[in-house]
Amino acid sequence: MTVSTAQRDRLLQIRERSTNARQRRAAAQKAIDAARQANDPQAQLAAEVAMQQAVGELDVVRELEAVVLSQMAGVSGAAMVGGDSLFDDPQTVAMLEQLGHSTMPVGNLNLGPIAGRDDVVAMIESGNWGPGRRMAASGGFTPSDPSLPDDTRLGPFYGVVTQLRRRLRVLDLIPTLPMDGLAFHFAIESGSLDEAWETTELSVKPQGDQTLSDGIVEAKTIAVWQKIARQQMSDVPMLSLAVSNRLTYSVMRRVENAIVAGDGEGDDLLGIINTAGIAAVGYTADTPLADLALEGIVGVLAADAEPNAVVLSPADWGSMLQAKAAGSGERLDSNGAMSTTADTLWGLPAIISTKMPPGQCLVGDFTRGATLFVREGILLRISDSDQDDFVRNRVTMLAEGRFGIAVWRPACFATVAFASTAGPSGGSGGSGGSGGS
């Protein structure tokens, strides 16, 4: 294992920052004690703010040191942000801090990747979407209201309370691979595999039935931006990490939405339920929803695929649990509110997704049926030249990545209608558009 000079230099810079932050923390503690003895609330408040900034700085350098040491040891150093992240570079982090304290123009800066292409692939493959140490420390941010409460800058600050975020469980279902180039073509094989028969001498042998159709995977850009005030970057510890984590999640949430229900129109990705060729099980009145889902499972099995999950909306999942027999009122597929709620459906994982259109479910062999391709990891850019940012003393942070979806084998999937009003699938105006969250 080789340790580069750049890694040693980076570790030295980080430890110098750590020493400086500890000195600032000690000085702030002395100032707090002195202000308390002097009964000076204003001085105590200023010292507490300085203490919080020093503590925030120590949190950052501890994370950076852990990442560098992990890289030197040859292992990954972060759960949400990999070794290629801009936050692994002390100079970039220092520059972000200076932006909050400086009144100089920022211009347009390409800060680099929040998560590199291979890091995004690794995150999806590992299913590691829970809040890691960084996310827990930095929290989230609300884009509809870019202003933080003024009170967060007047005293001790305990972090940003994150908005509720659904688990990106659909991303766990399909394989993920890196992608080179804008697009690539492939051929989809179809036809009967049962054309071979025993034949007698001199008789005409049976002809095979193979059809090849064209397929294409094209990388699409998924982006989101956020405006924040310079003063917030200065006054709120680790705010840049909070914003970057939220932007990263927003991009990946959109990727998951597109995998399920992208309509493929314009620059939108084409999702599974709108792909031509997937099977569709129609609605039958008076049939329990669980039995309808079973028909979809059987259909996928009949196509020689092996279904490994069922994706359904929260409303339809609740309707299944509430199903009761006519007359007696006995529950059909659950033991009531006091029992353990099943997380499987006919032995397959039941994936609850708010993006799955109500009134239908998706059954599939997600392992063999589709693949998510990552062309570019999530990059972060920052500018104070957008709109009237410069005169308002704020900056715009933009995160974007490029992704492609390949549905290799449409026969691996089937949609099941749970209501007579459920929209058609298979690329003929499916009920799930690509917009929304």
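Odds and ends about this structure:
- Residue-span extension gain [Asp388 to Ser203] - 0.36 nm each, minus C-alpha spacing: 58.4 nm
- Along the range 367-384 the Karplus relation, 6.51 cos²θ - 1.76 cosθ + 1.60 evaluated at θ = phi - 60°, assigns HN-Hα couplings of 5, 9, x, 8, 9, 9, 10, 10, 7, 9, x, 8, 9, 10, 10, 9, 7, 10 Hz to successive residues, with x for each Gly and Pro.
- Under a 5 Å amide H cut-off, with hydrogens placed 1.01 Å from N, Leu345 pairs with Ala350 among residues at least 5 apart or on other chains.
- Heavy-atom accessible surface of the range 151-302: percent carbon and sulfur, 1.4 Å: 54
- Distant-in-sequence amide H partners of Gly271 (H built 1.01 Å from N, under 5 Å): Gly262, Asp263, Gly264
- Cut-off under 5 Å, modelled amide H: who pairs with Gln360 long-range: Ser313, Phe418
- Listed residues Ser250, Ser385 arranged by accessible area, highest first, probe 1.4 Å: Ser385, Ser250
- Between Leu301 and Asp286, the contour length at 0.36 nm per residue exceeds the alpha carbon distance by 3.0 nm.
- Arg36, Arg15, ranked by accessible area, largest first (probe 1.4 Å): Arg36, Arg15
- Global geometry of the range 339-422, whether rounded, prolate or oblate, following the gyration tensor of its Cα atoms and the 1.5 cut on a/c: prolate
- With DNA, RNA and ligands ignored, accessible area of Trp317 (1.4 Å probe; Å², nearest 10): 80
- Cα-based shape type of the range 161-241, given that a ≥ b ≥ c are square roots of the gyration tensor eigenvalues and the cut on a/c is 1.5: prolate
- Ranking of Ser203, Ser244 by solvent-accessible surface, largest first: Ser203, Ser244 (1.4 Å probe, protein heavy atoms only, all chains present).
- With all protein chains modelled, accessible area of Thr287 [1.4 Å, Å²]: 40
- A simple spin-label model places pseudo-atoms 7 Å from Cα toward Cβ; at Gln322 and Phe186 they are separated by 4.1 nm.
- Extension gain (nm, one decimal) between Ala46 and Thr19, 0.36 nm per residue minus Cα-Cα: 7.6 nm
- Per-residue packing, averaged as other Cβ atoms within 10 Å, sorts the ranges 251-258, 56-63 into the order 251-258, 56-63, beginning with the highest.
- Euclidean distance between Cα centres, the range 11-46 to the range 245-267, Å: 44
- In this simple spin-label approximation, Arg368 and Asn39 carry label points 7 Å from Cα along the Cα→Cβ vector, and these lie 8.1 nm apart.
- Rounded to the nearest whole Hz, the Karplus-based 3J(HN,Hα) values (6.51 cos²θ - 1.76 cosθ + 1.60, θ = phi - 60°) of the range 344-356 follow the sequence 10, 9, 6, x, 9, x, 9, 9, 8, 9, 5, 8, 6, with x at glycine and proline.
- Ala26/Val161 FRET efficiency (R0 30 Å; Cβ-Cβ; nearest 0.05): 0.50
- Where Rh is the Kirkwood radius over Cα pairs, Rg/Rh for the range 261-302: 1.12
The values are calculated or read from the model by the stated rules, or taken from the named source; none is laboratory data. This one's a predicted model, so the numbers in the text were calculated from it and none came from an experiment. Every residue, glycine among them, receives a Cβ derived from its backbone with ideal geometry; neighbour counts consider all protein chains shown. For accessibility, only protein heavy atoms count, side chains too; no ligands or nucleic acids. Shrake-Rupley method; radii C 1.70, N 1.55, O 1.52, S 1.80 Å.
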